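Shown next, in structure tokens, is the structure this report addresses.
Rule-based calculations on the coordinates, nothing more; no lab input. Everything quoted here is computed from the prediction, not taken from an experiment. A quick note on method: Cβ atoms are made from the backbone with ideal geometry, for glycine too, and the neighbour counts reach across all protein chains shown.
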């Protein structure tokens, strides 16, 4: 892909466009439940976008979200994400780019496409293009070379459109560079105080009357979980499978036929440092985070310990573990991250990688080659599966007969009267937290259990271990427990709330004194509050400066000698902070090095080009004739 398009991938907006282009040519022909309609899903200036294309992009985006959320995405979150609108926007923007390229007279000749494909690592063996591998990969994705190359032309045409638009913005003035440099390097000195509610716990008086009153006002917090009592029939495969014999030949045959199940793909063990920035952040915020990531990358390449850098600079959940992501296979990470890691060499530090989460610097610690588990390691599991499969028809017949018998009898009670040899088991009341051992632990059984209404019979439930039929004998709705049964937690929660209130009162006293003109030290001394000093850099992502939280750095830079105090006490976690502006310092322009100057020039130019492209797309969309099918 053209260099300018790689540069553009630093923008969240452009990242979305890149994704849609990639999805269109990589996943073409793999649609699902919307395939087959002749009516267009979206029409952009007479260019049809099929339901198939829409579904392909939708499915892939959904798959990416599922990977991030451990396999499932709650329906409420999907609605919040506006997945359908994301897909429509991306498809429309992709079409506008292609149409813009045609209007500009841009072309992608066949030799250019050929060179691009030959350079794709997916189609290479030993760094050389392999025609057989090319055809095999396309065939596995139900693509013909003609179709793939046509889609590749779309991709490259869009890239040329982006590059041509970017060419209209090529100049960065030295004054712009100096302004950005001073903004990045300016510092602010503060006085501040932290008030922790934990320091006020011993000042909370525990009085029975007040505990009772507080508990009565917060009873919803302490309601018990719903509990259910079941009668159930269980038909496990193991009851039948234990009498079955599986030959060595059957095991060997099954192993060979399912060899792909026992192949563990290549894994990569990596660490990363994340500087957060998503679609809700401004272009300036993205530029700032990118600059931080580049600075951290430079430290890593200069030999600083990557684990320590991650602990000091990363804003991701793996910060405390030094950015350790463990080992993962291809496809488990978001695509830009995944693509980068699987092109790296052991010990290599990546360029800054942009994903929807922000900017990553990656260290590839180890490459774990693909392996195939030997038969001896999977023999026991495979034998059990073969026995279960042989037992399944017989077990299903018994379970189905029982279920039909219950329906015919009119109730489980009547069925028990008519079928005295039926084994109907019964539980005591239980909640999700103490699910009975005798019940099948499969998610379908667990979820069905707590969806039943009182007196309701489940359907015939199948799990990997057999069949179950459930009947809700009785349900205990959530109730408010007696105070004595939850007194310890109630007392702890009451103490925490009152301690927070005391801390707030003290912070308000301090703020009032500061606003009246009292010096920080004089205002804090009678309140027994420690005053600290901190000097902050606007873009510092390192350890907290003398305990001042990084989450408040931007707020601190909004202060000045005219407005030296925030309007109110700030809360970070459970701690309260008050701070006062002391002075602001700008860096000496003479300290701007040539290398830094060029780095700033590149970043500012990228920002300008991003804005230009966004403006162009918005103009095109405003003047385009766009139709979206009502079924989307």
### Summary
Computed over the chain, the relative contact order (Cα-Cα under 8 Å, seq sep at least six) in percent reads 24 percent
### Query
So what's the back-of-envelope 222 nm ellipticity for the chain, counting only DSSP H runs of four-plus at -39500 (n - 2.57) apiece and dividing by all residues, rounded to 500?
-15000 deg cm²/dmol
### Query
For segment 182-206, list residues with backbone N below 15 Å from a point placed 7 Å from the Cα of residue 591 toward its Cβ?
182-189
## Note on the structure
Quarter of the surface of the C-alpha convex hull for segment 132-265, i.e. direction-averaged projected area in nm², equals 27.9 nm²
### Message
Between residue 214 and residue 175, what is the label-point separation in nm under the 7 Å Cα-to-beta-carbon projection?
### Response
6.0 nm
### Query
Can you give the percent of C-alpha pairs in the chain whose distance is more than 46 Å?
41 percent
#### Entry: For q = 0.30 Å⁻¹, Debye-computed log10 I/I(0) when each Cα of segment 468-532 counts as one equal scatterer
-1.19
### Rg/Rh ratio calculated on Cα atoms of segment 416-517 (Kirkwood radius)
1.35
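Please state, as a whole number in µm²/s, the translational diffusion coefficient that the Stokes-Einstein equation yields for segment 266-369 at 37 °C and 0.692 mPa s, with Rh defined as the Kirkwood radius across alpha carbon pairs.
Values: Rh = 13.5 Å.
Using the Kirkwood radius from Cα pairs, D works out to 243 µm²/s.
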### Task
Can you tell me which of 472-478, 516-522 comes out highest on packing, and rank the rest after it, using the mean Cβ neighbours within 10 Å?
472-478, 516-522
### Query
How many angstrom separate the Cα center of segment 134-163 from the Cα center of segment 533-607?
47 Å
### Sites residue 238 and residue 301, calculated FRET efficiency, Cβ-Cβ separation with R0 60 Å, nearest 0.05
0.60
